[in-house]
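A short worksheet on the structure shown next.
The values are calculated or read from the model by the stated rules, or taken from the named source; none is laboratory data. All values reported here derive from a predicted model rather than from experimental measurement. Here the Cβ positions follow ideal geometry from the backbone for every residue, glycine too, while neighbour counts run over all protein chains shown.
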C-alpha cells in the first residue's frame, strides 16, 4: 500500500475484509503508515521502492497524491507487478501518453479506482440505458458535490498536484458517462479554478458521439461534512433519476476534519443500508488477479476518463469547446 490517507485506509480495510489477500507493507510520508500498519498487522516500508521491488508482494495499491501516480506506475511496470491505482490515473496528458505506451502489451493486471461503476444505483441506471428501457436518450445530468477535501500537506489545494475539482471529483461522472453512453465528442467547461482558496466549482457540458447531451456539476464548495450525488437520464420512453439527499434509507453525517488521527478528511459516500462499493471493487479486482482475467475497470478506461477530465480543464482555461480525438 502506497499512501495512508483516506483512500489508503479504505482500500486496506477492503483488502483485509476480502479474505483474498493480506496487506503486507505500507508506505507514506507521514505517520499515517505506522497507524495503518498497526491495524492490519503490516510492516512499515521506508520507501515506495521497498514495496514495489519486494518479490513476495504480488499487488501494489497506489493511493498517493495524483502527481505521483505516473512515477509509481512506471516503477511497478519495471517490477512486473499487478497494480490497483486510484483515480485519476495520471495528472497530465503527457503522462497519459507515456503510461499508455509503457503498458501496451503488459501481462499483469492493472485497474483504476473508478468506484462509481460498483455502486448499485449507477449500475441500475446503466442497465436501463443499455436495455433501451428509456428509449432514445436525449440528455443526462450528473452531479457530485462536497466540502473541500483535506489531504496531506494540503495537496488537494495545490492545483498542480491534484488538478482540482474536475480531475479529482468530476472524473467519476465523466467515466460514468463514457461507460454508459460511449465515446465523448466534445466538452465545454467553466470552473472557478482556485480563485477562492478552499472552494472550487465546475460545470461541464459534453456532447457524445451518440448525440446525447450531458451536464455535469462538480463542487468542492459545500458545507463541511456534506457530500451528495445525483443523476437524471431522460429518454424518449421515460426518465430515471437518483438523488442521495432524498432517497437513501439512512444518512450518516460525521464530524469533520482533524478530529483525531483517523478522522475522515475526504468525504466519501457512507450508507450502511447499501453494499460497500469499495469492498465490491476490491474483491472484483483481486478475483481478476487470482483468476488471470481482465479487471472490470481497465487501465485504458482510466486513461480515457483522465483525458476527458483534462480536456474539460483545458476548455475551462481557454474558454472554448475542446474536441476529443
**OP:** Name the residue, out of 203, 169, 174, that is assigned by TED's automatic domain parsing to the domain that holds residue 232, at pLDDT 95 or above and outside any helix (DSSP H, G or I).
**Re:** 203
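Select, from 235, 193, the only residue that is in contact with a strand residue (DSSP E or B) (Cβ under 9 Å, 6 or more places away or on another chain) and closer than 19 Å to residue 308 by Cα.
193
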**OP:** Evaluate the following for residue 180: is it more than 16 Å from the chain's Cα centre (by Cα), closer than 14 Å to residue 233 by Cβ and in a helix (DSSP H, G or I)?
**Re:** yes
**OP:** Please state which of the following conditions residue 211 fails to meet, knowing it meets all the rest: (1) exposed (fewer than 12 other Cβ atoms within 10 Å of the Cβ); (2) touching a helix residue (DSSP H, G or I) at 6+ places or on another chain (Cβ under 9 Å).
**Re:** (2)
Original post:
Name the residues in segment 29-40 that are in contact with a helix residue (DSSP H, G or I) (Cβ under 7 Å, 6 or more places away or on another chain) and buried (at least 23 other Cβ atoms within 10 Å of the Cβ), would you?
Top reply: 36
Original post:
Among the residues of segment 1-51, how many are within 20 Å of the chain's Cα centre (by Cα) and closer than 18 Å to residue 65 by Cα?
Top reply: 13
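Matching residues to (1) in a strand (DSSP E or B); (2) buried (at least 16 other Cβ atoms within 10 Å of the Cβ):
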site: 96; (1), (2): no, yes
site: 101; (1), (2): no, no
site: 107; (1), (2): no, no
site: 111; (1), (2): yes, yes
site: 124; (1), (2): no, no
site: 134; (1), (2): no, yes
site: 143; (1), (2): yes, yes
site: 153; (1), (2): no, no
Subject >> Pick from segment 220-245, criterion assigned to a strand (DSSP E or B) and in contact with a helix residue (DSSP H, G or I) (Cβ under 7 Å, 6 or more places away or on another chain), ranking: surrounded by the most Cβ atoms within 10 Å (Cβ to Cβ) >> reply: 233
**OP:** Among the residues of segment 52-73, write down those that are surrounded by 15 or more Cβ atoms within 10 Å (Cβ to Cβ) and not in a loop (DSSP other than H, G, I, E, B).
**Re:** 52, 59, 60, 61, 62, 66, 67, 68, 69, 70, 72, 73
Subject >> Residue count for segment 32-48, restricted to those that are at pLDDT below 95 and on the phi > 0 side of the Ramachandran plot >> reply: 0
